[in-house]
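Readers should treat all values here as calculations from the given coordinates under stated rules, not as data from a laboratory. Here the structure is a predicted model, which means the values were calculated and not measured. Every residue, glycine as well, gets a Cβ built from its backbone with ideal geometry; the counts of neighbours run over all protein chains shown.
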Amino acid sequence: MADTVQGLLLAHAERDTAGLRYDERTWTWREVVAGAAARAHVLRAMADEERPLHVGVLLPNGPEMALAISAGAIGGHVTVGINGTRRGGALASDVRRADCQVVLTDSAHRPLLEGLDLGGATVVDTDAVAWPALVAAAPTTTDGFPVATTTDTFMLIFTSGTSGEPKAVQVANFMVVMAGSVLVDKYGLGPDDVVYCSMPMFHSNAVMAGFAVSAASGAALAVAEFSARGFLADVRRHGATYLNYVGKPLAYVLATPAQPDDADNPLRFAFGNEASDRDIREFAQRFGCSVWDGFGSTESAIIITRTEETPAGSIGVPFDGVAVYDRGTRTECPRAEYDAEGRVTNLDEAVGELVNTQGAGFFAGYYNDDEATAERLDGGMYWSGDLAYRDADGFVFLAGRTDDWLRVDGENLAAAPVEQLLLRHEAISQAAVYAVTDERVGDQLMCALVLREGATLAPEELAAFLAAQPDLSPKGWPRHVRIAKALPSTATNKVLKRELRAQGLATADLLWSRGERDHVYAEQVRSKP
């Protein structure tokens, strides 16, 4: 097995098996490597040789995106994933901060760049006639490019930005190779398989758990834009045997009406992050596949994996050095203690921040952001910003981000356990728990719910459901309930709670509230934000 992404792709250069699929078209691996090499030659010719070649990609999931990432590997330059949901000054800042010499885009996204200060970056519209002409005229040889090493940066991938401005993570070659190789070995994948990747390819999940798996195994990479309704048709059309996901896509798919033949498909494995226990179980049953959910950030400094013994609600067992710390005291938090109803009785003490006590782990720092890097590596440990607690056996339970810590009636409360509890209700597809300001002091707990397609939920039904949950803390009853059609989210399906908090009770969605000392929900008069 090669130890760089460049080496992985070059190993397939003479293969005539399928390497890339999109819509109704298929490219062989020979065509993929040749096409990537041609693009790398064109980009090298555009570059200022006195500066490192960083190529931004502001593209949707499609052949040009996949070939652009491959071109970075073959040509030995750094590909920069640009988030297509960013706008204006924020988008321009990402391009400048990453020192992009060139930005590849398409006709749909090019208007987003017009009039922006991109630091002198050359913008290339891959839909215009000039680009395919340049590529067609370029050599397809893979000779003459810099030889990549394991520690060279393969990509700059921005964090999702759910709790602040996105930061560009330096992703080394060895990280991509390791991630892909581990998953290939885990699932026994090979050239006859098809990797279905509908997660945005500017994000680490698509690169580490999609693109890398294809490159390491020789399986075809089938790229698509995610669609809950189109998911199964895509899987069948491409013959997909493996897929990656991040965030809520399993919930989105499960929210669509089930069909009797859903399990009649080639899919065998789904791997990803952040799905609920219920969605993992139901997706596996409905589509007849194995679902494995892990935990890891773009920085790759905190890795947690599920085992067969992982209890309900837990994300698994941490790698060596990963622990839960109190940031104030810089000491490890005590393990969670439970009462007879399964409630954590020492939440204040047990909840802390997930850290890597051994240092940065695989985190190579944020590009052009020493201050943010230093904050992450405070005191020689990596601080993730994720709240969690561990049980007596060492299993990790997420409690949310550091801004998901609520203070209700003088008691600390974590958002994630309440969200998991709400998802036990069969009508609820998604749940977000967050704080709104109490009119007197502290916080009131509010939740935004998205129902499954065709499902209904009445205020008295929700109250009866909550009353029947023995492990729900008395402080965990939402004061306000918002029934939303959708939740604000990032391009990687992570809920933007800061937007929900900012909106508070000012929403046009259906809103229920209960009294301060009762559990009776009543519909409130709607007000527009």
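Remind me, relative contact order of the range 140-257 in percent, using alpha carbon pairs under 8 angstrom and six or more residues apart?
23 percent.
Rounded to the nearest Å, what's the spacing between the alpha carbon centres of the range 166-217 and the range 453-529? Just the number, please.
The range 166-217 and the range 453-529 have Cα centres separated by 37 Å.
Only Cα pairs under 8 Å and at least 6 apart count here; give the relative contact order of the range 5-294 as a rounded whole percent.
Dividing the mean separation by the residue count of the range 5-294 yields 16 percent.
Give the angle, between 0 and 90 degrees and rounded to the nearest 10, that separates the Cα long axis of helix 63-75 from the longest principal axis of the Cα atoms of the chain.
Here the helix axis deviates by roughly 60 degrees.
Compute the angle between helix 173-187 and the longest alpha-carbon principal axis of the chain, please, reported from 0 to 90 degrees and rounded to the nearest 10.
70
Between the DSSP loop rule and a limit of at most 10 other Cβ atoms within 10 Å, which trypsin sites (Lys or Arg not before Pro) in the range 204-285 are left?
Hits after loop and neighbour filter: nothing returned.
At what distance in angstrom do the alpha carbon centres of the range 304-349 and the range 17-36 lie from each other?
Using only Cα atoms, the two centres lie 45 Å from each other.
Exactly which GluC sites (Glu not before Pro) in the range 285-349 are in a DSSP loop and have at most 13 other Cβ atoms within 10 Å?
Glu308, Glu309, Glu341
Loop-only check: which GluC sites (Glu not before Pro) in the range 433-529 are DSSP coil with at most 13 other Cβ within 10 angstrom?
Glu439, Glu453, Glu516
Most exposed first by the Cβ proxy, i.e. fewest other Cβ within 10 Å, how do Cys333, Cys447, Cys100 rank?
Cys333, Cys447, Cys100
If you count the DSSP beta bridges with both ends in the chain, what percent of them are antiparallel, to the nearest 5?
Working: 52 of 89 bridges.
DSSP beta bridges in the chain are roughly 60 percent antiparallel.
For a footprinting-style exposure proxy, rank Val135, Val171 by other Cβ within 10 Å, fewest first.
Arranged by neighbour count, lowest to highest, Val135, Val171 become Val135, Val171.
Suppose every K and R has +1 on its Cβ and every D and E has -1 on its Cβ; what is the size of the dipole of the chain about the Cα centre, in Debye to the nearest 20? It would help to have the intermediate numbers written out before the result.
Values: 46 positive and 71 negative charges, 186 e Å.
It works out to roughly 900 debye.
Could you work out the relative contact order of the range 197-247? I mean the mean sequence separation of Cα pairs under 8 Å and 6+ apart, divided by the number of residues, in percent.
50
Report, in cubic angstrom per residue, the convex hull volume of the C-alpha atoms of the chain.
So the per-residue Cα hull volume is 156 Å³.
Relative to the first principal axis of the alpha-carbon coordinates of the chain, what is the inclination of helix 29-46, with its axis defined by its Cα atoms, in degrees from 0 to 90 and to the nearest 10?
For helix 29-46, the angle is close to 80 degrees.
Positive end of the dipole of the chain, charges at C-beta (+1 Lys, Arg; -1 Asp, Glu), about the Cα centre: which of Phe283, Val481, Leu156 has its Cα farthest in that direction?
Towards the positive end, the residue furthest out is Val481.
Go ahead and estimate [θ] at 222 nm for the chain from helices alone: -39,500 (n - 2.57) per DSSP H run with n ≥ 4, summed, over the residue count, rounded to 500.
That calculation yields -7500 deg cm²/dmol at 222 nm.
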